[in-house]
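Report on one structure; see the data block that follows.
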Amino acid sequence: MEKLRVGIIGYGKMGRIRAKSILESDRAELISVYDPVAPNDAPGSIVVGSEDEILGDPRIDTVFVCTPNFRTPELVIKALNAGKHVFAEKPPAFNASQMGQVIKVESAHPQLKLMYGFNH
């Protein structure tokens, strides 16, 4: 099985937890992270200057969305439209209209996987 090549958008508590898991895994490789508050504890030189750098990076096939939850639907849609698999923190949306938009975009990309972290 080929390793997932991951970019993380949002490097707060959950982004750091997800990064640690990725770094400890033999099934994934952490390519880059982005947070509007530039993290000084990210491993190596993987910090990038924008979300778009992660979404547009051809090396990245999977995006973890670990931002404040009001950003989740927007970033999930952008990542899917960029051709990336997506893992996002909960909640997936705040209303039926937002969820409908996510479902519509997900349905347009049947080759991609979308998963939410409902771990509690």
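The values are calculated or read from the model by the stated rules, or taken from the named source; none is laboratory data. All of these numbers come straight from a predicted model, not from anything done at the bench. Ideal geometry is used to build each Cβ from the backbone, glycine not excepted, and the neighbour counts take in all protein chains shown. Accessible surface areas use protein heavy atoms only, side chains included; no ligands, DNA or RNA. Shrake-Rupley method; radii C 1.70, N 1.55, O 1.52, S 1.80 Å.
Of the residues that make up the stretch 25-47, is at least one surrounded by fewer than 19 Cβ atoms within 10 Å (Cβ to Cβ) and part of a helix (DSSP H, G or I)? If you could, list the steps in order and put the result at the bottom.
At the first step, the residues of the stretch 25-47 found to be surrounded by fewer than 19 Cβ atoms within 10 Å (Cβ to Cβ) are 25-29, 36-41, 43-47.
Then drop every residue that is not part of a helix (DSSP H, G or I), which leaves none.
Looking for residues that are surrounded by fewer than 19 Cβ atoms within 10 Å (Cβ to Cβ) and part of a helix (DSSP H, G or I), one finds none in the stretch 25-47, hence no.
Being open to solvent by less than 60 Å² (accessible area, probe 1.4 Å), at negative phi and part of a loop (DSSP other than H, G, I, E, B) is true for just one of 67, 72. Which residue is that? Walk me through it before giving the result.
Numbers: 72 fails: part of a loop (DSSP other than H, G, I, E, B).
Of the residues listed, the single one that is open to solvent by less than 60 Å² (accessible area, probe 1.4 Å), at negative phi and part of a loop (DSSP other than H, G, I, E, B) is 67.
Restricting the stretch 1-15 to residues that are more than 21 Å from residue 113 (Cα to Cα) and out of contact with any strand residue (DSSP E or B) (no Cβ under 9 Å at 6 or more places or on another chain) leaves a set whose member that is surrounded by the fewest Cβ atoms within 10 Å (Cβ to Cβ) is 13. For residue 65, the conditions (1) within 12 Å of residue 32 (Cα to Cα); (2) within 12 Å of the chain's Cα centre (by Cα) are fulfilled apart from (1). Considering only residues that are without any contact (Cβ under 8 Å) to a residue 60 or more places away in the chain and assigned to a loop (DSSP other than H, G, I, E, B), which ones fall in the stretch 1-24? Matches in the stretch 1-24: 1, 2, 3, 11, 12.
Can you confirm whether residue 80 is in contact (Cβ under 8 Å) with a residue 60 or more places away in the chain and either open to solvent by less than 30 Å² (accessible area, probe 1.4 Å) or among the acidic types (Asp, Glu) (or both)?
Working: in contact (Cβ under 8 Å) with a residue 60 or more places away in the chain: no; either open to solvent by less than 30 Å² (accessible area, probe 1.4 Å) or among the acidic types (Asp, Glu) (or both): yes.
Answer is no for this residue.
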